[in-house]
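Chemist: This is the structure, below, for whatever I ask next.
The values are calculated or read from the model by the stated rules, or taken from the named source; none is laboratory data. Just so we're clear, the structure is a prediction, and the values are computed from it rather than from any experiment. Because the Cβ atoms are built from the backbone with ideal geometry, glycine has one as well, and the counts that use them run over all protein chains shown. Side chains included, ligands, DNA and RNA excluded: accessible areas come from the protein's heavy atoms. Shrake-Rupley method; radii C 1.70, N 1.55, O 1.52, S 1.80 Å.
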Amino acid sequence: MDSVASEQRQTLHSTADNGLKIVVVGGFGVGKTTLVRSVSEIRPLNTEETMTQAGEHIDDTVGVAAKTATTVAFDFGRISLDARNVLYLFGAPGQERFWFLWDRLFSGTLGAVVLVDTRRLADSWYAVDRLEHHGTPFVVACNDFGGPAHTPAQIREALDLADEVPLVFCDARSRESSKQVLISLVEHLQTLVPLDPQPIPEPTP
């Protein structure tokens with residue numbers, strides 16, 4: 001899948017007038033690296049390292065026992081929105097021991113995506129709390145891991161989401177699905193700044 005996606009990615013412009021920053025946050029193993037990788041037009045920079053026995057008693061691997069690698073700093077990808085605007089994607093590490101990095105990643109952020117595994121909703125509480133603390137606009141995207149079905153109302157109640165926070169469902173492995181998540185975020189941001197004379201362009205295929 002990655003090789004096919006790479007062939008479809010367009011040549012980058014050398015310069016852009018506006019760099020727009022988006023952060024993807026969420027619990028451990030919810031698919032943040034996968035989402036950045038699927039939608040980025042460049043080969044994403046990632047800091048994944050092989051998980052070892054040394055981390056067994058530090059990282060909570062309940063529900064993600066098959067996971068063999070983990071992000072230890074952040075993921076980085078890029079999407080050209082048009083000739084003048086570029087979207088920079090930063091995927092934050094999910095383990096609690098790396099949460100201290102989040103506040104720095106939020107600096108200068110236009111908005112955020114909280115990626116959720118509905119089998120482990122409690123793992124997303126911290127992400128929602130920190131974004132609300134910083135006043136950063138965000139959407140919640142439920143990544144499909146084939147777990148038990150939850151209604152949007154149940155998920156909103158579990159995460160204590162405000163009515164105005166968009167809730168969408170996605171498959172982080174799919175470029176199209178991940179792109180729709182970003183479009184949902186852009187549309188949400190535009191509702192918060194309806195008088196902006198230069199609206200934020202939506203990601204294009």
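Chemist: So, counting K/R as plus one and D/E as minus one, what does the shell of residues with Cβ under 11 Å around F76 add up to?
Modeler: +3
Chemist: In nanometres, what is the gap between the two model label sites at R104 and I42, each 7 Å from Cα along Cα-to-Cβ?
Modeler: Between R104 and I42, the label points sit 2.0 nm apart.
Chemist: How many nm separate the modelled label positions at T204 and N18, each set 7 Å beyond the Cα in the direction of the Cβ?
Modeler: Once both label points are built, they end up 1.5 nm from each other.
Chemist: Can I ask one more? Please give the per residue accessible area of the range 83-156, computed with a probe of 1.4 Å over protein heavy atoms only, in Å².
Modeler: Averaged over the residues of the range 83-156, the accessible area is 45 Å².
Chemist: Another question, if that's okay. How charged is the neighbourhood of Y88? Take every other residue with its Cβ under 10 Å from the Cβ of Y88, and add Lys/Arg as +1 and Asp/Glu as -1.
Modeler: +2
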